[in-house]
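Taking it in order: structure first as structure tokens, then the write-up.
No lab work stands behind these numbers, since they all come straight from the coordinates. Since this is a predicted model, take the numbers as computed values, not measurements. Here Cβ is always computed from backbone atoms with ideal geometry, including for glycine, and neighbour counts include all displayed protein chains.
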């Protein structure tokens, strides 16, 4: 892919933006939960993790070395696994109440899948000889 670095950079920036968007709406509390807010910090602040791993992935994405590409696959895989875990945590039912899913949680999972695909197919020039 000719533009995989730029697409990957855009994906990781969007992951950071999505952390500030509403992920779920809890009508019983009348509050929106994001990557940095949950009632009494029950779900923690997964946005910090997503931003940290996005920055690490951007660094690996921009370095043209084989070890950086393998490290990028590791970071993208952990990011995807944590996104799926976060989706399950934020959208699961509690006390016979299911929160309403918002666009942010879906975007987080889709962007994490795309970041993993970008990591699997890097744009590297192979030297002959």
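Order these by the 10 Å Cβ neighbour count, fewest first: 67, 6, 23.
67, 6, 23
Could you line up 92, 112, 4 from fewest to most neighbouring Cβ atoms inside 10 Å?
Lowest count first: 92, 4, 112.
Counting each DSSP H run of 4 or more residues in the chain as -39500 (n - 2.57), what helix-only mean residue ellipticity at 222 nm follows after dividing by all residues, to the nearest 500 deg cm²/dmol?
-20000 deg cm²/dmol, from helical runs alone.
Could I have the simple spin-label model distance between residue 95 and residue 25, label points 7 Å from Cα toward Cβ, reported in nm to one decimal?
2.0
Given a cut-off of under 8 Å on Cα pairs at least six residues apart, what relative contact order in percent is computed for the chain?
Once divided by the residue count of the chain, the mean separation gives 35 percent.
Using Cβ counts within 10 Å as a stand-in for footprinting exposure, how do 19, 56 rank, fewest first?
Least to most surrounded, the residues fall as 56, 19.
Computed from these coordinates, which is volume of the Cα convex hull per residue in Å³: [x] 106; [y] 86; [z] 98?
[y]
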